[in-house]
Amino acid sequence: MSYSNWQKGSQWRKWDLHVHTPASFHWNGGKTLREMNDEEKDQSFNKLLNTIENSDVAAFCFTDYWTFDGYLHFNDYMRRSGLSCSKMIFPGMELRVEAPVDYRLNMQVILSDSLTVQSLEDFKSKLMVRSLNRRISDESVMEFAKSLDAGKAKIHGFDDPKKLGESDLLRLGASTIEVTQDSLKSAMESVPPGTVYLIMPFETSDGLARLDWKTQPQAANYFMQAAHVFESRKEEIMHLFLGIETEANRNFLGNFQKSLGNVQKPVISGSDAHKYSDYGKYPNNKATWIKADPTFQGFKQIIYEPRERVQIQELQPQEKIPYRVIDKVRFVDNTNEKIFSSEWIDLNENLNAIIGGKSSGKSLILYHIAKTIDPTLVEERSKEVEILEYYFGLSPDFDFEVMWSDGRTDKLSVPPEGNVREIEYIPQLYVNALAERTGKASLYKLIESILEQNIEYREFIQEVRQDIAQLEIVIDSNVAELLRRREEHQTLVDERKAIGDHEAIEEEIKRLETRISELSKDSNFTDAERTEYEKLNQLRVKQGARKRKFDELGNAIDGFTQTLTQIRKKSTQELENPNLVFALDSFSRRVLSALRVTVVAALSTTFDLAISSQTALAQRSRVKAERCSENERKISEKLKPYTDKIRDQAQLKDFTAKLKEQHDILIAYNEKTSLINGVTEVGVKTRDELFENYTNLLGGYQKIIEKLVNDKYSKIDSDIVLEASLKFDTENFSSSFGSLFDRRSSSFKAIFGKAFSENNDFHFDETSHIQNVSEIFRRLSTKTGLDIIFRKGTNQNDAISQLFRNYFLIEYNIRYKNDEILDMSPGKRGLVLLQLILHISNATHPILIDQPEDNLDNRTISDELRKFITAKKLMRQIIMVTHDANLVVLTDAENVVVSNQDGQQINRENAEFRFEYVAGALENSFRILDDANKEGVLSSCGIREHVCDILEGGEAAFKKREEKYGFSNR
């Protein structure tokens, strides 16, 4: 045994553990072995070799009826011909054991390829033919056939045994004999423990399912508990043997498992090929996939891990995305100091455990993998915990390479430059450093940073945060605009009040018009002259009012034009701002440079058009004002003949001037009213926008909660739950909003409503919050607010500004078996945080973790951490440095990388280099006893032996794993 063949550890491979050779009495591929001469035998076995080599199946078991001859003759041919076979072939036998059934109840035995010819012959010699009490042999088989009468022989398709030759007698006997249960037990005990296992067909034509367990419960229990492996192709049958509860089996799964001895047992599917061309052709394409080295030790792994190590399906199970899997790594050492070998170190797509003694190079290789893929991440992690820097990377003669399964290669000497593939790197003590932080603020920050390691969530939260930040800006703008409009509204109201009372002004106008009318009567005006006089007088007043309006409009347009000119200048300056260009990345700078001229030209054209049109509008307003002035002059000339006829010219002049004044006052009053209405309209619109934006602000936080309620983020496993809730920072609200008032003489509940308690504390209710804020705002904005006693130097505007600040926040909590994380010990908190990191972060990229067992007790490691890693490795590649045997063995690590540094320990010398590594599966087991082994300590034994030698508790961990399903090493 060596490491030369399978250095990626346990991988999914096809196995066909039920094939026949020409040694079987039932052979459909031509002559049987007994019928061939020596030359034909060699030709047949050469064909067998070619069939196996050209197959995509990695391991076969020859299960000929009642004999090992096919296996033994094939090995003899291989020895004589000097040929080799790259596939694994196990000896096996198909037989029948006495049972109370009326059909042929077949079963197979599979034996280790390490057994000698003598051991196989000893096994067969222990099998006793029922009713004859003779060992199984050609002679005893024929003797049993001869004991059958013609009727029984006919049932099996044969003539009267008295008329049959040896060949037919052998076939008849092989079809009908049974061996005793005791002799099968003796045969299995005749070989070393752990070198033979029973495989029992279940629902096939010769399977156990046909046995009537109601009338033969003892026989049913015997076979169910004696067999180590069952053969089936139906998923519902597999669920029963694996103890997987479904809707269909819920009512009887317990009884079924009890008949098995309350252990889970693996299920396989063989081709049952009776000719070479059917090798590896599984019925219904239900192939057996076993995740193990194609060795007998590999086969035994399905006994220890029946759910995880074997699958029956057409395609290879559990394939990960190639660009999410690190295929292999290596040091590139051109120093001539023989520090490292440049040989690749293979990795498995599932769990890779790196083990070794102290300072053996375990963390060194993990560090260089991380540094090569994502140096920025390593630098970030080093801010949280001290990471040992290695001097090798400083030498130009040293490099490190990481090859991904899609063929990409990353080099330590060539930074990725924006094309970084994602990994999760957790250096030693990193989680402990995080766990030792105390307080909610630290916990919240940590949880958010972990959440953001998930790409989907990071993109989501970045978008939501941008929306929230924009809403905060807009809300501040809304509040400022609203307060400005409130002040403007109040100023206009005060100015209108200073102008006078609308009703009184109109009464005064009527009074003056009446007095002027009376003067016209005293002047002997005819009715027609009086009418014309009054008409012209009104026209003159209107023209004067229109002139003032056009003058004001022209002035306003001039002001707006100046504002546009300033905006144009500022916009152009911003685009040409060198600080803006400097802050952008190179791509954005190129885009901005290309667009700047176009954008500036477009802005200039737009502003030029706007300024030109406004200037023209202002000019038109002035022209209209001049026209009104001219009209007023002409009307005055027309009025002159009438006014000359009025006797009391002084009084007429006085009344006329006063009437004009009152008309001007009324116009001013109406203009103020119009302005007030406009400001009110804008204020209402701004208020509505403010509440809409504030509602959206609340909605942004609600979106976060809705996202985190998803099991993808909240349910870490059955015991760990991440909780997120929307809260209101009442403490901050009280210190900013509440501090504006005199609390001693103010009852907030009486003034602002039910949102406050009797103690003036604000109560946050998510469902009624907007309504409560609206009520507070309404009362602040109305006369009710005047009853509020503000602290010196503060007013309603300050209160409104503080009311709409962002006081929302997300509170997090992690519950582990109903314990809150802040109440946990640092060790247990570290375990929960580790699980949180590995669960929430992107679910497919590799995880690199250094000694996750630090600060954890043995029970926590062997139970909780083990379970989590075992589940997580199915979704992501894990590369883990560890000193704990339970995390290697009980997680069923697919690949174990053993490291060693020369000179660190006595009798652990390397073959050639200062640092050496070897990789393989847990089932890789051997030990070279030659003390003169020149290949170094790593090549002196298998992975299993290294685990036991290096890791404390290694032997106990293997024993615990192998006894998990009650199978020990038998």
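The values are calculated or read from the model by the stated rules, or taken from the named source; none is laboratory data. The structure presented is a predicted model; accordingly, all values stated were derived computationally and were not measured. Don't worry about glycine lacking a Cβ; one is built from the backbone with ideal geometry, like all the others, and counts go over all protein chains shown. Keep in mind that these areas ignore ligands, DNA and RNA; they rest on the heavy atoms of the full protein, side chains included. Shrake-Rupley method; radii C 1.70, N 1.55, O 1.52, S 1.80 Å.
I'm told V378 meets every condition in (1) part of a loop (DSSP other than H, G, I, E, B); (2) over 23 Å from A921 (Cα atoms) except one. Can you identify the failing condition by its number?
Exception for V378: condition (1).
Residue-by-condition table, conditions (1) open to solvent by less than 40 Å² (accessible area, probe 1.4 Å); (2) assigned to a helix (DSSP H, G or I):
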residue: M142; (1), (2): yes, yes
residue: A145; (1), (2): yes, yes
residue: G157; (1), (2): no, no
residue: S167; (1), (2): no, yes
residue: A174; (1), (2): yes, yes
residue: K185; (1), (2): no, yes
residue: M200; (1), (2): yes, no
residue: E203; (1), (2): no, no
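Got a number for residues in the range 468-498 being crowded, with 18+ Cβ neighbours inside 10 Å and either more than 60 Å from the chain's Cα centre (by Cα) or at positive phi (or both)?
Residues that pass the stated criteria total 1.
Residue by residue through the range 856-883, note down the ones that are open to solvent by less than 20 Å² (accessible area, probe 1.4 Å) and in a loop (DSSP other than H, G, I, E, B).
Listed by number, the residues that qualify are K873, R876, Q877, T882.
Taking the condition assigned by the TED database to the domain that holds I326, open to solvent by less than 30 Å² (accessible area, probe 1.4 Å), assigned to a loop (DSSP other than H, G, I, E, B) and under 19 Å from N352 (Cα atoms), does E853 pass?
Here the answer is yes, as E853 does meet what is asked.
Identify, by number, the condition in (1) in a loop (DSSP other than H, G, I, E, B); (2) farther than 16 Å from I355 by Cα that Q905 doesn't meet.
Among (1) in a loop (DSSP other than H, G, I, E, B); (2) farther than 16 Å from I355 by Cα, Q905 violates only (2).
Evaluate the following for R96: is it touching a strand residue (DSSP E or B) at 6+ places or on another chain (Cβ under 7 Å), surrounded by fewer than 15 Cβ atoms within 10 Å (Cβ to Cβ) and within 18 Å of T63 (Cβ to Cβ)?
So R96 fails the test.
Of these, I244, I303, I237, I268, which one is in the same structural domain as A220 (by the TED database) and either of a type in the set (S, T, N, Q) or more than 24 Å from Y222 (Cβ to Cβ) (or both)?
Answer to the check: I244.
Name the strands (runs of 3 or more DSSP E) wholly inside the range 1-120 in which the number of residues that are not hydrophobic (A, V, I, L, M, F, W, C) is 3 or more.
Filter on the range 1-120 gives 12-19, 57-65, 88-96.
Kindly establish whether R687 is outside the structural domain of N806 (by the TED database), part of a helix (DSSP H, G or I) and either crowded, with 18+ Cβ neighbours inside 10 Å or touching a helix residue (DSSP H, G or I) at 6+ places or on another chain (Cβ under 8 Å) (or both).
Here the answer is yes, as R687 does meet what is asked.
Restricting the search to the range 224-264, which residues are assigned to a helix (DSSP H, G or I) and farther than 25 Å from N285 by Cβ?
Hits for the range 224-264 are M224, Q225, A226, L253, G254, N255, F256, Q257, K258, S259.
Can you tell me which residue is nearest to L33 (Cα to Cα) among those in the range 57-78 that are of a type in the set (G, A, S) and open to solvent by less than 10 Å² (accessible area, probe 1.4 Å)?
Applying the filter and picking the extreme gives G70.
Among the helices (runs of 4 or more DSSP H) lying completely within the range 691-793, list those that include at least 1 residues that are basic (K, R), open to solvent by 30 Å² or more (accessible area, probe 1.4 Å) and farther than 30 Å from K867 by Cβ.
Because the criterion is at least 1 residues that are basic (K, R), open to solvent by 30 Å² or more (accessible area, probe 1.4 Å) and farther than 30 Å from K867 by Cβ, the helices (runs of 4 or more DSSP H) in the range 691-793 that meet it are 748-752, 769-781.
Output the number of the condition that Y444 fails; it satisfies all remaining conditions of (1) under 26 Å from the mean Cα position of the chain (by Cα); (2) free of Cβ contacts under 8 Å to residues at least 40 places away in the same chain.
Of the numbered conditions (1) under 26 Å from the mean Cα position of the chain (by Cα); (2) free of Cβ contacts under 8 Å to residues at least 40 places away in the same chain, the odd one out for Y444 is (2).
If S395 meets every condition in (1) open to solvent by less than 50 Å² (accessible area, probe 1.4 Å); (2) closer than 23 Å to K8 by Cβ apart from one, which number is that one?
(2)
Do you know which of the residues in the range 242-287 that are basic (K, R) and under 33 Å from the mean Cα position of the chain (by Cα) is least open to solvent (accessible area, probe 1.4 Å)?
In this case the residue turns out to be K265.
If you go through the range 247-264 one residue at a time, do you hit one that is in contact (Cβ under 8 Å) with a residue 60 or more places away in the chain and among the small types (G, A, S)?
Yes, because at least one residue in the range 247-264 is in contact (Cβ under 8 Å) with a residue 60 or more places away in the chain and among the small types (G, A, S).
Table: residues versus (1) surrounded by fewer than 16 Cβ atoms within 10 Å (Cβ to Cβ); (2) of a type in the set (F, W, Y); (3) under 22 Å from L519 (Cα atoms); (4) at pLDDT 80 or above.
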{"site": "A610", "(1), (2), (3), (4)": "no, no, no, yes"}
{"site": "I646", "(1), (2), (3), (4)": "no, no, yes, no"}
{"site": "Q649", "(1), (2), (3), (4)": "yes, no, yes, no"}
{"site": "K653", "(1), (2), (3), (4)": "yes, no, yes, no"}
{"site": "I665", "(1), (2), (3), (4)": "no, no, no, yes"}
{"site": "V682", "(1), (2), (3), (4)": "no, no, no, yes"}
